[in-house]
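The values are calculated or read from the model by the stated rules, or taken from the named source; none is laboratory data. Remember, it's a predicted structure, so these values are computed and weren't measured experimentally. Every residue, glycine as well, gets a Cβ built from its backbone with ideal geometry; the counts of neighbours run over all protein chains shown.
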Amino acid sequence: MSTSFLLLLIVLIGFISYFAGRARSFAQAGGKLSNLHSLPGYHGSYVAIWAILPAALVLGAWLVAAPVYIDSSTRAVLPEAVQAQGGATVELALGQVKSVAGGLNRLTAEEVQALESGSANLRSTLAAKGVALAGEGEPYMITAAQHFNAMTVTNRWLMSAVVLLIAIAGGVYAIRNIATRFRARNQVERVMLGALIVASSIAILTTVGIIASMLSEAGRFFTMVSPFEFFFGTVWDPRFAAAGSGGASGQFGLIPLLAGTLYIAFVAMLFAVPIGLFAAIYMAEYASPRLRSTAKPLLEVLAGIPTIVYGFFALVTVGPFLRDISAQLNGLVTGNYQNFIQAQSVLTAGIVMGIMLIPFVSSLSDDIITQVPRALRDGSLGLGATRSETVKKVILPAALPGIVGALLLTASRAVGETMIVVLAAGVAARMQINPFEPMTTVTVKIVNQLTGDLEFTSPQTLVAFALGITLFVITLGLNIYALYIVRKYREQYE
Amino acid sequence: MTDIASPAVRISTRPASAKRDIGIKRRYAAERRFRAYGIGAISLGLFFLALLLWTVFSNGYTAFQQTTITLPIEFTEKVIDPKGERTTDGKVLMTANYPLLVRDALIKQLGIDASKRPLVKQATDMVSASSRTLLRDIVVADPSVIGKTIPVTLLAEANVDSAFKGQIDLKVEESKRKVKDQQVTWMNELASAGVLKKSFNTGIFTFGASSRPEAAGVGVAALGSLFMMLIVLVLSLPIGVAASIYLEEFAPKNRLTDLIEVNINNLAAVPSIVYGLLGLAVFINFAGMPRSAAVVGGLVLTLMTLPTIIIATRAALKAVPPSIRSAALGLGASKMQTIFHHVLPLAMPGILTGTIIGLAHALGETAPLLLIGMVAFVVDYPGSPMEPSTALPVQIYMWANEAERAFVERTSGAIIILLIFLVVMNLGAILLRRRFERRW
Amino acid sequence: MNIMSEAAVEKALDQKMNTVPYKMIGKDVSVYYGEKRALFDVNLNIRENTVTALIGPSGCGKSTFLRTLNRMNDTIENCRVTGKITLDEDDIYDPTIDVVELRARVGMVFQKPNPFPKSIYDNVAYGPRIHGLARTKAEFDDVVETSLQKAGLWNEVKDRLQEPGTGLSGGQQQRLCIARAVAVSPEVILMDEPCSALDPIATAKVEELIHELRSNFTIVIVTHSMQQAARVSQRTAMFHLGNLVEENDTDKMFTNPDDQRTQDYIMGRFG
């Protein structure tokens, strides 16, 4: 019985239970619903929950546990000679046994007999059935595989029987509970509440998952490369991940990547903050409602455009434009029409990322500025200050903490941005200060290291997780601090 | 009647000495400058938006047209199945020399001598190499065409396509451009004969990945995106709503729920690439799910979208006035009934708006998908979310990395398609908000 | 004095209030909001088929007490109730009591009319639906009609039952809320300043309605308006700073109260 069929059966039992529960509660009520504590639908759901939930839980646990048990039992049947060779060999043998087992299921009885007697070659027989074996195959594998198959079949039947039994037992138990004063609604609602709690714990689990997965993979990386080399190394040259070479032959220095990340983020902020802030001030303090209601959403369109589009924009428009204009400028000044800005450069990536960040700065700052109480504004205007003086001397100082928070949030976006820098910043990990040259970032290198063949044993792959956790910690720090500031600011004016 | 001349009314006069200089002029100048900065900033922002869209549209609108060449192809048995084995050996029809059919039809059309090899090569270069699969599919689908001559519409090769669209400057020296003078002559000849013409490019919507721009399309990638969006919708909406209901309506206010609150706000701001790392480590490395599969992409994007949906849903639930809750409770509805019968339906427009916006974000997201192996050269439509597939933005990324001129056009075309999806989704969200917005 | 006016007869009947049995008994009821104590050992009994008015200056705890009677305070976080309140013989704060069942027996009408943003019909039918009081369409129609009739709203809305309840005028909305409460056939109806958001004409209608409902229901009403208390109630309880100052027949309360503070309040010295 396949798992999905089993699941279907459980659901079917659930359905039947629902209607049985309803009918029974009707019968108990003697046709008068107000005799019942809970509506019949709740009684039905109560019975259905008892039929489905325990069975489904057992099924889930069984599906996780059974393969582990079968594997260990099969391992035990392997010859002692194999077992003596330890972990990796046993696992390899087990893998082969499993593919043999898969192959055996496709053979006829005669063919199996031929194999058992040793008159037929295991590998070629299986190959004819489309099962490729990694090695030549040994006779013990056939017995082990048969053991494996037998276990699997028994396991299936046992699982089906137990699960169906639990489903029926649950339904029967629940249906016997039904009485006019039985509080089925409360029971059903308790299960619903449980489901709600499970759903909200997913948010926590995501964070735990992020931290745990990155820490464990990064931990494996740090067993190969010392943390000191990683965090303080000034050379990034991971080489290629050569299969089998356990070598930490590459150099994994974080500093050049971090420098590139921060430099590009800085240029982006330099570009986005004045534009975004002035736009926000104008919209909050000067703009007519009509201008505001058109300009604000239009600017926010910039935030809705996928970053890959910005990357493309940098690649085909901004990069070439900067390159050509620098060549023209150079020509005008020196007569040598050689471009001094590369198409892929800190400046290109910074400007395009800046454009992307404008709406973040403007929307967040706009919210903050409009929260400054009217009284402050009126107070200043009432003294005869002009609007701009009010903004500069009263509103901005009052809104400053909030704006700083908003800018930190924006900065965290800039640090974590990937697609723009992948296409516009270049891949060369260099330490330099010329914004017209390419540099690379943490995110670019994460992408570089993880596209193509992956080997979860080589430092070349695992370093991405070390980079990831660095990125996560930086952005998390920025976010927590920024959200804290903004919250404090809000509370102040609420 | 008023007695103006009455000595009782006196108007005070202000002595000139009392007029203070408060720098009105200078201050108003500063005021004007300040305003100008604001207007400048907004205009600059809007200018960039316009420039961005203009770049995409000016490069991309031509992608929706494709130059085609319609030739009468003679499906001669001698070429397709010279030994007459097609009934016994299925491979014959798959491996036949179809380009030869195209060559024959083309030189016949252009009147070229088959023995002039370089000339023939130039001619056949004008037709996309994808013609092989096109003709193969025709023959395999219906072997009875063998021996007949039927007109088939073939794709023009990318450079001819560009030249015909006027994107290649023909004044440039011949050796420096990819379309030769002879080909241009033929092109014009075929065009005036009505054989070569521009038509609406359905291929960009239906084709999969290809190294030849004229045969590349976003169809396969769009299906991958569709799978992922369905997974995101099916998972993140119920989970997000359930989580929000618990947090907003049931959870006691204590340190733990405070922590969850901070945590969710943070998750919304975690760089998307981190979710890619999570997906790689947990779903692929730990749980052993297939790489490049839409199901993993969907799960990753679900985790990424959840915080957005939770934040929007909680705001929507909060906006339902407490009087509705007390009304239902006062009638003896349980808390669950109150929420599911009254609060949730009223919050639904807000929830759906948030969900659509979250989905739109997920649709445009690229970085995490790169890490879970969706940068894949996928030619065929994935049959299920478990099969290798790619996504619309990833397809854009891959094309953006291609050097050819024709791929810039395709990339922009694909971006236009993506943007249209996003616009439709966002418009839907806006309409929903307008339609159901309720002021309490 | 042989010929008594109708009003005098009623008054005489009201004087016999002491013989009317208690529907709800509150014993040593105290309410805490976190650390703050809002109600101090209140002993107040509610008589069956009587309108009991709770009066007192704002913040005196009258609404708090009202909400303890159907455990609406449960919905407020950190709120704790001590003491004992019984409905008939049942201790309503007993852990085995289902709060939903309790609220089906003790309905509530709120200060601001709060119809659901659904049709008038669905507003009234909602309670019977969740409590299983009606099953067929005809039964629902019946319950809706009688409830609306009891609330004196039937003639005004019978032609537009499918229109949203939020489209009615304020007074109609409040009567709709009363109809909605009546439809569940509760034993007690709690009213928390039901007329404070209504104009005088609508108020008069609601008061008239309360008067009629009295024969079938036990009503507890919180009101700010002394006149309203005098007009609609037979018993009045006066709260001050979380304490029950005095509980008495309404007539006596307004003519010759036992407590100095009641007198002061009725005279308008504070409030």
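Taking the stretch C:90-128, which residues are among the aromatic types (Phe, Trp, Tyr) and at the interface with chain B (Cβ under 9 Å from one of its Cβ atoms)? Those that are among the aromatic types (Phe, Trp, Tyr) and at the interface with chain B (Cβ under 9 Å from one of its Cβ atoms): C:Phe110, C:Phe116, C:Tyr126.
Entry remark, the stretch B:307-346: residues being part of a helix (DSSP H, G or I) and either closer than 22 Å to C:Phe110 by Cα or within 10 Å of another protein chain (Cβ to nearest Cβ) (or both) number 26 in total.
So for the stretch B:71-92 (the condition being part of a helix (DSSP H, G or I) and at pLDDT 85 or above), does at least one residue qualify? No. Total residues in the stretch C:68-111 satisfying the condition of being in contact with a Lys or Arg (Cβ under 8 Å, 6 or more places away or on another chain), among the acidic types (Asp, Glu) and in contact (Cβ under 8 Å) with a residue 24 or more places away in the chain: the figure is 1.
Summed over the stretch A:148-200, residues that are more than 38 Å from the chain's Cα centre (by Cα) and under 27 Å from C:Glu101 (Cβ atoms) total 13. Mind listing just one residue for me: the one in the stretch C:56-78 that is within 13 Å of chain B (Cβ to nearest Cβ) and more than 17 Å from C:Pro194 (Cα to Cα) and, of those, modelled with the highest pLDDT? Checked the stretch C:56-78; the qualifying residue modelled with the highest pLDDT is C:Arg71.
Out of A:Val77, A:Val82, A:Val100, I need the residue that is of a type in the set (A, V, I, L, M, F, W, C), buried (at least 16 other Cβ atoms within 10 Å of the Cβ), in contact with a His (Cβ under 6 Å, 6 or more places away or on another chain) and assigned by TED's automatic domain parsing to the domain that holds A:Ala145. Which one?
The unique qualifying residue is A:Val77.
For the stretch B:217-225, the count of residues that are closer than 24 Å to B:Leu359 by Cβ, within 16 Å of the chain's Cα centre (by Cα), of a type in the set (S, T, N, Q) and surrounded by 22 or more Cβ atoms within 10 Å (Cβ to Cβ) is at least one. At least 2 residues being facing chain B (nearest Cβ under 8 Å) and not hydrophobic (A, V, I, L, M, F, W, C) is the threshold, and among the helices (runs of 4 or more DSSP H) wholly inside the stretch A:245-338 those reaching it are A:255-281, A:307-313. Of the residues making up the stretch A:312-364, just one is among the aromatic types (Phe, Trp, Tyr) and either within 17 Å of A:Arg413 (Cα to Cα) or not assigned by TED's automatic domain parsing to the domain that holds A:Ala399 (or both), namely A:Phe360. Selection within the stretch A:368-378: residues that are free of Cβ contacts under 8 Å to residues at least 60 places away in the same chain and crowded, with 16+ Cβ neighbours inside 10 Å. The member of this set that is farthest from A:Leu299 (Cα to Cα) is A:Leu376.
Taken over the stretch B:38-95, the criterion of being in contact with a Phe, Trp or Tyr (Cβ under 7 Å, 6 or more places away or on another chain) and not small (Gly, Ala, Ser) is satisfied by B:Ile39, B:Ile42, B:Leu52, B:Thr55, B:Phe64, B:Gln65, B:Thr67. Residue count for the stretch C:177-218 satisfying the condition of being assigned to a strand (DSSP E or B) and away from chain B (no Cβ under 14 Å): 1.
Counting the residues of the stretch B:404-440 that are more than 23 Å from B:Leu344 (Cα to Cα), of a type outside the set (D, E, K, R) and either in contact with a Gly (Cβ under 8 Å, 6 or more places away or on another chain) or within 11 Å of chain A (Cβ to nearest Cβ) (or both) gives 13. What are the residues in the stretch B:243-270 that are free of Cβ contacts under 8 Å to residues at least 12 places away in the same chain and in a loop (DSSP other than H, G, I, E, B), if any? Those that are free of Cβ contacts under 8 Å to residues at least 12 places away in the same chain and in a loop (DSSP other than H, G, I, E, B): B:Ala251, B:Pro252, B:Lys253, B:Asn254, B:Ala269, B:Val270.
Contact map, the stretch A:31-50: first residue closer than 13 Å to C:His131 by Cα and in contact (Cβ under 8 Å) with a residue 24 or more places away in the chain, second residue assigned to a helix (DSSP H, G or I) and aromatic (Phe, Trp, Tyr), Cβ cut-off under 9 Å, separation 6 or more or different chains; pairs are A:Leu36/A:Phe26; A:Leu36/A:Tyr42; A:Ser38/A:Tyr46. With respect to (1) within 24 Å of B:Ala50 (Cβ to Cβ); (2) without any contact (Cβ under 8 Å) to a residue 24 or more places away in the chain, the lone exception for B:Ile415 is condition (2).
If you check A:Thr440, A:Thr461 for being among the polar types (S, T, N, Q) and either more than 30 Å from A:Leu322 (Cβ to Cβ) or in a helix (DSSP H, G or I) (or both), only one passes: A:Thr461.
Could you tell me which residue of the stretch A:390-404 is surrounded by the most Cβ atoms within 10 Å (Cβ to Cβ), considering only residues that are more than 14 Å from A:Ala375 (Cα to Cα) and not aliphatic (A, V, I, L, M)? Out of the qualifying residues, it is A:Gly402. The residues of the stretch C:1-52 that are touching a helix residue (DSSP H, G or I) at 6+ places or on another chain (Cβ under 8 Å) and at pLDDT 85 or above, listed by number, are C:Gly26, C:Val29, C:Val31, C:Ala38, C:Leu39, C:Val42, C:Leu44, C:Arg47, C:Thr50, C:Val51.
Cβ separations smaller than 6 Å between residues 6+ apart or across chains give the following pairs from the stretch B:335-349 residues that are without any contact (Cβ under 8 Å) to a residue 40 or more places away in the chain to residues that are surrounded by 21 or more Cβ atoms within 10 Å (Cβ to Cβ) and among the β-branched types (Val, Ile, Thr): B:Gln337/C:Ile130; B:Ala347/B:Val320.
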